[in-house]
Amino acid sequence: MSHTHAVVEELLRRIGAGDPERIAELYAEDADWRLNWPQDEHDRPDTPWITHRTGRAGAAAHYRDLAAHHVPERADSRIERVLVDGDDAVVLGEIRGRAKPTGRSYHARFALHLTVRDGLVVRHHVYEDSLAVARAFAP
C-alpha cells in the first residue's frame, strides 16, 4: 500500500469515527479546501459547513459544523473506490444523511480529490450532488 493510500485510509477511518480534532490532525496547516457548490450558495445559514476553508482549524470546523446539522444515527457513507496516483487520491462513494433542522433525508454521490504530502492532506476538494443536500436543508 502506498503512503498516500495509507493516509487516505486513516482519514476515512477517522471521519467514520467522528472526532473533528483527530480528523484535523491529518491536514496540513495550509491545506486547500474546496467544495464544488455554486459560489453564491456558500456560507448559507442552513448549510454552514459549505464554505472554502484552510488548514487544520478549517478541517476541524467543517466536521464540527457537519455533525451539528445532521442526525448522527442517520449518517452513513459508502466508499466504493479509492484510486491513488502518486500523491493524489480520489475517493468515490455516496453519503446519506438526515438534516436536523428539517428532518429530511438525502443521498448524494461524491468524489473527493485528496493530495497527500509528507503524510498530511494538502488538498481536499469535494464534488458532490449539492442539489440533493440543498433540498434536504432548505427551510
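Per-structure values
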| item | result |
| --- | --- |
| Per residue solvent-accessible surface (Å²) - region 28-138, probe of 1.4 Å | 52 |
| Surface share of carbon and sulfur [accessible, 1.4 angstrom probe, percent] for region 62-139 | 49 |
| Estimated 222 nm signal from helices in the chain, with DSSP H stretches of n ≥ 4 weighted -39500 (n - 2.57), rounded to 500 | -9000 deg cm²/dmol |
| Span from the region 4-37 Cα centroid across to the region 92-131 one, whole angstrom | 11 |
| Gyration tensor verdict on region 28-100 (Cα atoms; rounded if a/c is under 1.5, prolate if a/b is larger than b/c, oblate otherwise) | oblate |
| For region 19-30, Karplus couplings with θ = phi - 60° (6.51, -1.76, 1.60), whole Hz, Gly/Pro x | 9, x, 5, 5, 4, 4, 4, 8, 9, 5, 4, 10 |
| Under the Karplus curve 6.51 cos²θ - 1.76 cosθ + 1.60, θ = phi - 60°, whole-Hz ³J(HN,Hα) for region 124-130, x wherever Gly or Pro sits | 9, 10, 10, 10, 9, 6, 5 |
| Length released on extending from residue 21 to residue 54, taking residue separation times 0.36 nm less the Cα-Cα span | 10.4 nm |
| Efficiency of FRET between residue 69 and residue 90 - r from beta-carbon atoms, R0 25 angstrom, step 0.05 | 0.45 |
| DSSP bridge pairs, the chain: antiparallel proportion in percent, nearest 5 | 85 |
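The values are calculated or read from the model by the stated rules, or taken from the named source; none is laboratory data. All values derive from a computational prediction rather than experimental measurement. When we count neighbours, we look across all protein chains shown, and the Cβ atoms used for this are built from the backbone with ideal geometry, even at glycine. Surface accessibility is based on the protein's heavy atoms, side chains included, excluding ligands, DNA and RNA. Shrake-Rupley method; radii C 1.70, N 1.55, O 1.52, S 1.80 Å.
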